[in-house]
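Colleague: Got a structure for you, questions after.
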Amino acid sequence: MLFNSLAFLIFFPVVTLLYFLVPHALRWGLLLFASCFFYMFFKPEYILILGATIFIDYWAGILIEGATEPGKRKRYLSLSIIANVGVLAVFKYYNFFNNSVSGLALLFGVKNMLPVLKMALPIGLSFHTFQAMSYTIEVYRGKQKAERHFGIYSLYVMFYPQLVAGPIERPQNLIHQFREKHSFDYDMVMSGLKLMMWGMFKKVVIADRLALVTDRVFGNPHKYSATTLGIAVVFFAFQIYCDFSGYCDIAIGSARVMGFKLMRNFNRPYAAISIADFWRRWHISLSGWFRDYLYIPLGGSRVSIPRMYVNIMIVFIISGLWHGANWTFVIWGALYGVYYIIGIIARKIRSNSAIFTGIGKISWLDKTLQIIATFTLVSLAWVFFRANSVADAWYILQSLLSVPGEVARMVLHHSFVSDAPTSPFKLLECVLVIILLEVVQYVHAQKNINTLLAAQPRYLRWGVYYAVVLAIIYFGIFENREFIYFQF
Amino acid sequence: MKRFIIRILLFMILPIPLLYGLNYIVDKGLQRSNYIYYSEWNDLFAGKINADLLICGSSRALQDISPAILDTSLGLNTYNLGMDGTHFSIQYDRVKMYLLYNKAPKYIVQTMDFTSFAERNSMDNQLQFMPYLSNPIVIEYTAKYKDHYSWSERYFPLFKYNNQWPIIEEGVKSYLGHGMPPIKIKGYFAQNKKWDYTFDRYIQRVPYPVGVHLAGYSLNRFYDYLAFCNKKGIKVIIVFPPVYYEFLRYCKNRDYILGIFRNCQAKYGTTFLDYSNDELSRSRDNFYNSQHLNKGGAEIFSSKLANDLKPLLK
């Protein structure tokens, strides 16, 4: 079920109302039933896969906790990880590796005989398998008690607000919340609804509006001029941010309405002053997962410098693969690894040059330049993320080199991009919604908007709420567009 | 919880009168507007057309045949019901709806082209019926298309005009009596344009003939339409307006498609006038693209068609 669908508009109030009406002892059952219904709305049969991994991880947790020998504990943990990674390997990566092997084999004149699996990727697979793995790992580390209640454990994996696209929760934060009694809290409900409203605005008004341009341009980049490609690259950076953070806002908000506190997943990522800073602000739950369960176990930064660089590359390449089974994602991940390493190596050079040029003394200018540089690098990396193929991505990146020349010509001839996939008015709409987003986020970063609004008279507060709701209804794009991160 | 429910209900109820009021104003305004999508539907639903001769078809009817020229030459009341960018099925629906509100014409000039039976199950322009969604006839006729109107479009105030600011603006202006002036004359939409080179760009991209897949459903609806007109005593003249001659060689199954129209004569008593390779087709001066005549070309063609129709309408 999509958050931006009529079905969810009915599902959400019904489930929330029932949640507060049924006795506390039955709430887990209601939420589990609702979560199954929510998931089965996409493709019912895939609940069996989810059910199987839940069953394995539930028992793995109990067995790990019960085992006294370290070897046994490790074996049970391995079993759980193999089961989860195995599901990912079959459903997400098998065809990718098969195609890659076929391509390689053909180079040597050998025909690959492995069959191609014709099945759709279960929705949100990477999210719930990672969340499930964090449970068994935490039980193994002794930081989380094994959950004996099968229903509550299932709910930990399947809790509908964050089931298909995160945030990827940790058991310590979520499981105990299913046991707590959440009474109806007016402020919490209102705060949750406002967050959902803002998330929906980001999705249907901003992300889906930008998608009207980016889908066409990235779908056939050879048809467009360098300037149009450049516009699409910038638009995509905001599209994916609004799409994913919009989803997370709706997820966190809908959970908050029922009294649950989910972790924050974004913190103004495009205000980041470096790539490292970007990853502390973007998809925080995934970055944290990779830090705690991959980077640190690999040795993290407490190893030799070359080894640390290797660790960084491993983490980012796997992070790329986590996003999608395609070479474009592998390159996207690897590119971040390279950015990150260069960032470490060049740290001194950057600070010295800031001092040398005097920019370092003007802190706002220094920060602005760093934000622009980071945003540019991130946007260029998104090209690999969004392009249909590596060849398309290269073509776009090469074309972008011609942007300054084209823009100069346009200025000289007082003209505008002639091949934009939409009218200049629609392009202006896109730019305006991006500016609005940034202004709102900037204000919110200075002083919480909810606090600001709470201090205003009711007519003004309600005016703002009406403006957002009516903008969603009359200015939103309703084409049943899925959230980009659902495919992962 | 009580406080919350009261506030939420209040929040939702407060704007409803305003939104329904605005919805009413926009609908009523568009129902009397000359906006490109609505002027003919407005005439049709108001029962104002009552033509002796109807010109039906796609944009090639809309832009290629001038009723004013036919009126003068044939001494009949002619009206152009051509629909831009449409396939045959929705054109047939328009004729059926026309007959519910207007007297039956004696003749229909049905223009056809190579894509009339293309595989499409949409009404092509969803916006065309927006001010008329409370009309059950419209809902009944559009229900079969995949882009038929949803519950929210029909009942939620103004939702159907989502992102259509120029249309809302025109609706309000027309309601206040300041709508746009007419841009069509009796449904005819003259195109005062020069050759736009889209065809040249197309053949650069696709320099080989392409076959048009004919949808069985559309074809059956066409035969049904001819039988329906026959039964109603309406004489149908099938017209294939000129196309720029170079285009012909890029349509693989053109002879087969033209054969369909030719073969209707015996079974349905229709006449087929084929101008696909007319002498008008030889000059780019008469067209603005390979499929559509410009104003000058349309005027020449309309005169020619009027002359050819004369003996047939006796």
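Colleague: Please give the helices (runs of 4 or more DSSP H) falling wholly within region A:380-488 in which 1 or more residues are among the small types (Gly, Ala, Ser) and more than 12 Å from chain B (Cβ to nearest Cβ). First the steps, then the outcome.
Modeller: Values: elements: A:390-400, A:403-412, A:424-446, A:449-454, A:458-475.
It comes to A:390-400, A:403-412, A:424-446, A:449-454.
Colleague: Given (1) touching a helix residue (DSSP H, G or I) at 6+ places or on another chain (Cβ under 7 Å); (2) within 14 Å of chain B (Cβ to nearest Cβ), identify the lone condition not met by A:Ser5.
Modeller: With (1) touching a helix residue (DSSP H, G or I) at 6+ places or on another chain (Cβ under 7 Å); (2) within 14 Å of chain B (Cβ to nearest Cβ) applied to A:Ser5, the lone miss is (1).
Colleague: While we're looking at this one, here's another question. Assess whether A:Gly124 counts as being closer than 23 Å to A:Glu45 by Cβ and either at pLDDT below 90 or of a type in the set (Gly, Ala, Ser) (or both).
Modeller: Criteria met by A:Gly124.
Colleague: What about A:Asp215, is it at pLDDT 90 or above and within 14 Å of another protein chain (Cβ to nearest Cβ)?
Modeller: Answer is no for this residue.
Colleague: Taking only region A:279-294 into account, find how many residues are among the aliphatic types (A, V, I, L, M) and crowded, with 21+ Cβ neighbours inside 10 Å.
Modeller: So the count comes out to 1.
Colleague: Need the failing condition index for B:Ile185 against (1) closer than 24 Å to B:Leu44 by Cβ; (2) within 14 Å of another protein chain (Cβ to nearest Cβ), just the number.
Modeller: Result: B:Ile185 passes all but (2).
Colleague: On the given criteria, is A:Phe238 surrounded by 20 or more Cβ atoms within 10 Å (Cβ to Cβ), among the hydrophobic types (A, V, I, L, M, F, W, C) and under 16 Å from the mean Cα position of the chain (by Cα)?
Modeller: Considered against the rule, which asks whether it is surrounded by 20 or more Cβ atoms within 10 Å (Cβ to Cβ), among the hydrophobic types (A, V, I, L, M, F, W, C) and under 16 Å from the mean Cα position of the chain (by Cα), A:Phe238 comes out as yes.
Colleague: Scan region A:312-367 residue by residue and report those that are out of contact with any Ser or Thr (no Cβ under 7 Å at 6 or more places or on another chain) and among the aromatic types (Phe, Trp, Tyr).
Modeller: A:Phe316, A:Trp327, A:Phe329, A:Trp332, A:Tyr336, A:Tyr339, A:Tyr340, A:Phe356, A:Trp364
Colleague: Related question: Name the single residue that is nearest to B:Pro17 (Cα to Cα) among those in region B:163-179 being assigned to a loop (DSSP other than H, G, I, E, B) and away from chain A (no Cβ under 13 Å).
Modeller: B:Leu176
Colleague: Just wondering, is there one or more residues in region A:64-77 that are in contact (Cβ under 8 Å) with a residue 60 or more places away in the chain, β-branched (Val, Ile, Thr) and under 26 Å from A:Gln144 (Cα atoms)?
Modeller: The answer is yes; a qualifying residue exists.
Colleague: Right, another one. Return the pairs, sorted by first residue and then second, in which the second residue is surrounded by fewer than 13 Cβ atoms within 10 Å (Cβ to Cβ) and among the aliphatic types (A, V, I, L, M), the first residue lies in region B:140-162 and is in a loop (DSSP other than H, G, I, E, B), the beta carbons are less than 8 Å apart, and the residues are 6+ apart or on different chains.
Modeller: Taking only residues 6 or more apart or on different chains, the pairs are B:Pro157/B:Ile16.
Colleague: I need a count of the residues in region B:256-314 that are of a type in the set (Val, Ile, Thr) and without any contact (Cβ under 8 Å) to a residue 40 or more places away in the chain.
Modeller: 1
Colleague: Hey, among the residues in region B:135-154 that are touching a Ser or Thr at 6+ places or on another chain (Cβ under 6 Å) and within 14 Å of another protein chain (Cβ to nearest Cβ), which one's surrounded by the fewest Cβ atoms within 10 Å (Cβ to Cβ)?
Modeller: Ranking the candidates gives B:Lys146 first.
Colleague: A:Gly300: more than 26 Å from A:Val204 (Cβ to Cβ) and either assigned to a helix (DSSP H, G or I) or among the aromatic types (Phe, Trp, Tyr) (or both), yes or no?
Modeller: Numbers: more than 26 Å from A:Val204 (Cβ to Cβ): yes; either assigned to a helix (DSSP H, G or I) or among the aromatic types (Phe, Trp, Tyr) (or both): no.
Criteria not met by A:Gly300.
Colleague: Checking the structure you have, find out if any residue of region A:323-332 is part of a helix (DSSP H, G or I) and within 21 Å of A:Lys202 (Cα to Cα).
Modeller: no
Colleague: Go through region A:303-317 and give me each residue that's part of a loop (DSSP other than H, G, I, E, B) and of a type outside the set (S, T, N, Q).
Modeller: Listed by number, the list holds a single entry, A:Val303.
The values are calculated or read from the model by the stated rules, or taken from the named source; none is laboratory data. These numbers come from a predicted model, not from an experiment. Backbone-built Cβ (ideal geometry, glycine too); neighbour counts: all protein chains shown.
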